[in-house]
Amino acid sequence: MPETNQNAAPAREPVIEIRGLKKRYRLGQIGGGTLTADLQSWWARVRGKEDPNLKIGTDTRLFGTSFMALNGVDLTVYQGEALGIIGRNGAGKSTLLKLLSRITAPTEGEIRLKGRVASMLEVGTGFNQEMTGRENIYMNGAILGMTKAEVDAKLEEIIEFSECGEFIDTPVKRYSSGMFVKLAFAVAAHLDSEIMVMDEVLAVGDMKFQQKCLSKMSDAAGQEGRTVLYVSHNMSTIRQLCTRCIVLDKGRVVFDGDVEKAIAIYMDTTDVNVARYDLRAVGRQTPSAGKRLLLSELVFAGKESSVFDTAEPMRIAIRYTVQEPFSGVHLKMNLHYRDGTPVGITHPIDLGPAEPGREYARTLVFDPSLLGEGQYFFYLDIFEGVLGQAVCLDKPSVEFQFEVANTDLSIPEWASGWGRIHFPPPAVEP
């Protein structure tokens with residue numbers, strides 16, 4: 001009889017098994033929303049006329065074609081793992097999480113889940129705007145199959161973690177985006193579930209709360225034995241939380257393994273050749289973003305790519321439309337190095353007042369000589385009010401990529417470990 005090793009580590013138990021997963025979407029408008037609109041569109045096509053229900057600028061060549069958001073994903077995730085999921089915009093990250101959360105169904109393939117899934121994919125997902133914070137906690141518990149007594153046992157802990165105790169009996173439609181994030185995360189992290197699925201929603205919260213959330217997710221995986229799936233473009237949080245990482249590209253898993261190797265592969269896929277961004281249909285980082293003011297376009301003016309010489313000013317042209325009057329619109333840039341490391345934030349830029357129904361064009365000028373050579377990206381945040389009491393108007397979920405190329409021979413090659421800021425030489429007084 002063969003000997004058994006009494007000290008051998010127990011075999012890891014898979015809690016998520018994905019085989020041959022595919023998700024196909026049709027491009028273009030599928031229906032008009034009403035039977036009348038659909039009949040109008042059909043009759044116009046029969047007569048060879050322009051569809052009266054199409055939005056201006058819609059490319060009818062996209063009708064009838066399809067897009068593979070996921071194209072054959074195979075993945076096994078084990079109990080207690082903290083799995084990072086990274087990739088460029090459009091790689092399929094959010095689609096994968098939606099399939100795991102059963103928000104949508106796969107076109108092909110199989111998903112096997114062992115345990116309940118608590119997901120936080122967008123700010124406010126699963127919350128009823130008219131209900132209070134307390135009522136939404138009970139509703140989410142019921143969705144997970146918990147009894148009222150089980151939710152009661154965790155209620156105070158959830159409220160304390162969320163830091164929303166003063167407003168817990170207020171309808172959540174009156175919450176700020178930050179309060180929404182805090183309560184939503186507290187609910188997802190504390191209610192009984194074996195699998196936590198988190199899209200990059202922590203970017204809305206303040207830095208202190210982000211660290212609090214990352215610590216909670218780390219404890220959930222390490223001490224509580226729960227499985228955490230975390231999507232983020234912030235590589236520092238991926239490093240801090242995850243024990244394993246996959247890289248998605250064009251709907252496929254191109255790497256699965258060590259976190260640092262995954263980050264290196266992801267950074268090699270960043271594209272600095274995009275000079276124009278159409279922002280009308282991209283996702284937003286808060287539910288209210290883009291409703292009262294919509295940032296429709298960003299262009300690196302006068303460029304065919306987004307590579308800039310240190311002596312060349314970076315001109316960023318934006319367009320936006322407003323639905324209501326504003327006495328003052330402000331903008332700030334959140335700048336990161338290509339690995340997600342924060343570099344800095346600009347002072348608020350005053351874009352001036354705005355009137356409803358008008359389109360506005362503004363050009364921002366940034367000095368790239370302030371930065372060491374390398375690849376960067378920034379987010380744009382448009383708001384009203386002052387920092388600390390600002391109300392977000394629009395915040396597209398887009399990384400605007402650019403590269404700084406150093407051609408100034410008086411500056412030595414940029415060394416790692418010294419930060420990213422180029423300080424100008426100090427003046428010498430006689």
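The values are calculated or read from the model by the stated rules, or taken from the named source; none is laboratory data. Just so it is clear, the model here is predicted, and its values are computed rather than measured. Cβ coordinates were reconstructed from backbone atoms using ideal geometry, including for glycine residues, and neighbour counts include every protein chain displayed. Surface areas here come from the heavy atoms of the whole protein model, side chains and all, with no ligands, DNA or RNA. Shrake-Rupley method; radii C 1.70, N 1.55, O 1.52, S 1.80 Å.
Quick notes on this one:
- At R0 = 30 Å, FRET efficiency that the Cβ-Cβ distance of Lys291 and Thr346 yields, to 0.05: 0.80
- Kirkwood radius and radius of gyration were both taken over the C-alpha atoms of the chain, and their ratio Rg/Rh is 0.99.
- Selected from Thr286, Thr363, Thr237 as most flexible by GNM, with the chain as the system and alpha-carbon contacts under 10 Å: Thr363
- Inter-site label distance for Val282 and Met267 at 7 Å from Cα along Cβ, in nm: 2.2 nm
- Calculation over all alpha carbon pairs of region 91-204 in 5 angstrom steps from 0 returns a P(r) of 2, 12, 22, 23, 19, 12, 6, 3, 1, 0 percent.
- Region 125-268: translational diffusion in µm²/s, Stokes-Einstein, Kirkwood Rh over Cα pairs, 37 °C, 0.692 mPa s: 201 µm²/s
- Amide H partners (placed H, <5 Å) of Glu373, local residues excluded: Trp414
- Counting only lysines at least 8 places from Lys395 when in the same chain, those with an alpha carbon closer than 20 Å to its own are Lys93, Lys173, Lys182, Lys291, Lys332.
- Couplings for region 90-99, taken from phi via the Karplus curve 6.51 cos²θ - 1.76 cosθ + 1.60 with θ = phi - 60°, read x, 6, x, 5, 5, 4, 4, 5, 5, 5 Hz in order; Gly and Pro are left as x.
- Virtual spin-label span in nm between Arg26 and Phe423, 7 Å along Cα→Cβ: 6.1 nm
- Amide hydrogen neighbours beyond the local backbone of Glu200, cut-off 5 Å, H modeled: Val231
- Computed E for Arg19/Arg239 - FRET, C-beta separation, R0 41 angstrom, nearest 0.05: 0.90
- Rounded to whole Hz, the Karplus (6.51, -1.76, 1.60) HN-Hα couplings of region 358-369, x for glycine and proline: 10, 9, 10, 10, 9, 10, 9, 10, 10, 9, x, 5
- Beta bridges per DSSP with both ends in region 144-292, % antiparallel, nearest 5: 55 percent
- Karplus-derived HN-Hα couplings along region 103-111 (A = 6.51, B = -1.76, C = 1.60, θ = phi - 60°), whole Hz, x at Gly and Pro: 6, 9, 9, x, 6, 9, x, 9, 10
- Share of carbon and sulfur in the accessible area of region 116-242 stands at 49%, probe radius 1.4 Å.
- Potential lengthening between Ser176 and Glu157 on full extension [0.36 nm per residue; Cα-Cα distance subtracted]: 4.7 nm
- Over region 247-349 - Rg/Rh using Cα atoms and the Kirkwood inverse-distance radius: 1.01
- Annotation: amide H-H contacts under 5 Å for Asp381 (H modelled 1.01 Å from N, sequence separation of 5 or more, or interchain): Lys332, Asn334.
- Take the chain with all the other protein chains still there, run a 1.4 Å probe, and you get 53 Å² of accessible area per residue.
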